[in-house]
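Undergrad: Before we start, here is the structure in question, set down as structure tokens.
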Amino acid sequence: MNLGVIPARGGSKRIPRKNVKPFAGRPMIAWSIGAAIESGCFDRLVVSTDDEEIAEISRQWGAEVPFLRPTELADDYATTTDVMRHAINWFTRSDRVPERVCCIYATAPFLRPDKLTEGLGLLENRGADFAFSITSYAFPIQRAIRLTPERRVEMLMPEQFSTRSQDLEDVYHDAGQFYWGRGDAWLSGKPVFSSCATAVILPRYSVQDIDTPDDWLRAELMFKAFHELDAPISKA
């Protein structure tokens with residue numbers, strides 16, 4: 001079985017109710033649900049939440065909410081892995097461990113169905129335990145600088161000062177959209193960011209964290225630009 005799990009707790013603080021706050025005409029979580037359904041990758045798609053309103057909205061947009069997450073997994077200290085284990089164990093009680101399980105973030109309006117499909121293919125074809133979305137840094141991190149307590153400038157990697165930018169290695173970061181994993185890998189606590197994982201590379205223009213009001217505004221502007229260019233990111 002291919003299981004999709006969208007973690008969505010009700011207690012977000014920096015952007016209150018951000019998982020169901022309207023974004024481009026839909027509750028935010030509806031974009032993740034829609035992309036997951038459109039991908040055709042999942043036998044079951046569930047939202048893991050502690051919140052009745054999020055549960056109801058998720059059902060309206062096509063996801064299952066077969067359980068409410070316990071309160072100990074709904075505070076600021078619960079990890080994504082904890083939430084994924086809980087969801088997998090819930091299914092395991094009535095069936096067997098799902099072979100492939102994808103964690104999809106609820107605040108990922110730029111998620112494309114074809115990238116979920118690509119991630120599933122990489123998980124299978126490369127014999128990995130995990131496959132998740134990444135994107136490259138916009139500026140070479142080898143040229144990063146920091147400020148001392150005296151507000152003086154220091155390079156993090158001074159040995160790279162004279163290296164041409166085109167000769168510097170490309171470096172990537174987590175895109176914060178989805179994480180395919182084998183069910184037993186999630187349950188055993190294997191680290192996602194390790195050599196047991198492979199990655200789907202996303203263009204930088206389709207990646208935006210949404211953790212603060214400024215992030216939200218930037219994401220709305222990016223989303224509007226996509227649609228004005230007649231390139232709806234919710235389509236494959």
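Undergrad: Considering only residues that are under 21 Å from PRO191 (Cα atoms), among the hydrophobic types (A, V, I, L, M, F, W, C) and part of a loop (DSSP other than H, G, I, E, B), which ones fall in segment 67-83?
TA: Of all residues in segment 67-83, those under 21 Å from PRO191 (Cα atoms) come to 73, 76-83.
Cutting the leftovers down to among the hydrophobic types (A, V, I, L, M, F, W, C) gives us 73, 78, 83.
Within segment 67-83, ALA78 is the sole residue that qualifies.
Undergrad: Name the single residue that is modelled with the lowest pLDDT among those in segment 92-144 being surrounded by fewer than 16 Cβ atoms within 10 Å (Cβ to Cβ) and of a type in the set (D, E, K, R).
TA: Within segment 92-144, the match that is modelled with the lowest pLDDT is ASP95.
Undergrad: Among the candidates THR212, THR148, which residue alone is within 19 Å of the chain's Cα centre (by Cα), at negative phi and not aromatic (Phe, Trp, Tyr)?
TA: THR212
Undergrad: Something else about it: Let me spell it out: the conditions are (1) of a type in the set (Phe, Trp, Tyr); (2) part of a loop (DSSP other than H, G, I, E, B); (3) farther than 30 Å from ASN89 by Cβ, and TYR205 meets all of them except one. Which number is the exception?
TA: Unmet condition: (2).
Undergrad: Among the residues of segment 33-50, what is the count of those that are buried (at least 22 other Cβ atoms within 10 Å of the Cβ) and in a helix (DSSP H, G or I)?
TA: Counting residues in segment 33-50 that are buried (at least 22 other Cβ atoms within 10 Å of the Cβ) and in a helix (DSSP H, G or I) gives 4.
Undergrad: Let me ask something additional. Considering only segment 44-58, state which residues are of a type outside the set (A, V, I, L, M, F, W, C) and in contact with a Leu (Cβ under 9 Å, 6 or more places away or on another chain). Working first, answer last.
TA: Going residue by residue through segment 44-58, those that are of a type outside the set (A, V, I, L, M, F, W, C) are 44, 48-53, 56, 58.
Of everything in segment 44-58, those that are of a type outside the set (A, V, I, L, M, F, W, C) and in contact with a Leu (Cβ under 9 Å, 6 or more places away or on another chain) turn out to be ARG44, SER48, THR49, ASP50, ASP51, GLU52.
Undergrad: Quick one: count up the residues across segment 105-127 that are charged (D, E, K, R), outside any loop (DSSP other than H, G, I, E, B) and closer than 24 Å to HIS227 by Cβ.
TA: 3
Undergrad: Just to be sure I understand the filter: pairs with C-beta atoms under 8 Å, separated by 6 or more residues or on different chains, first member in segment 166-177 and closer than 16 Å to ALA144 by Cβ, second member assigned to a loop (DSSP other than H, G, I, E, B) and among the aromatic types (Phe, Trp, Tyr). Which pairs pass?
TA: Every condition considered, the pairs that remain are VAL171/TYR137; TYR172/TYR137; HIS173/TYR137.
Undergrad: Check whether at least one residue in segment 203-218 is touching a Gly at 6+ places or on another chain (Cβ under 6 Å), of a type in the set (Val, Ile, Thr), within 21 Å of ASP114 (Cβ to Cβ) and surrounded by 11 or more Cβ atoms within 10 Å (Cβ to Cβ), and report yes or no.
TA: Let us first name the residues in segment 203-218 that are touching a Gly at 6+ places or on another chain (Cβ under 6 Å), namely 209.
Narrowing further to those that are of a type in the set (Val, Ile, Thr): none.
No: zero hits.
Undergrad: A further question on this structure: Is it the case that some residue within segment 84-104 is touching a Leu at 6+ places or on another chain (Cβ under 7 Å), in a helix (DSSP H, G or I) and hydrophobic (A, V, I, L, M, F, W, C)?
TA: yes
The values are calculated or read from the model by the stated rules, or taken from the named source; none is laboratory data. Predicted, not measured: the structure shown is a model, and the values here were computed from it. Backbone-built Cβ (ideal geometry, glycine too); neighbour counts: all protein chains shown.
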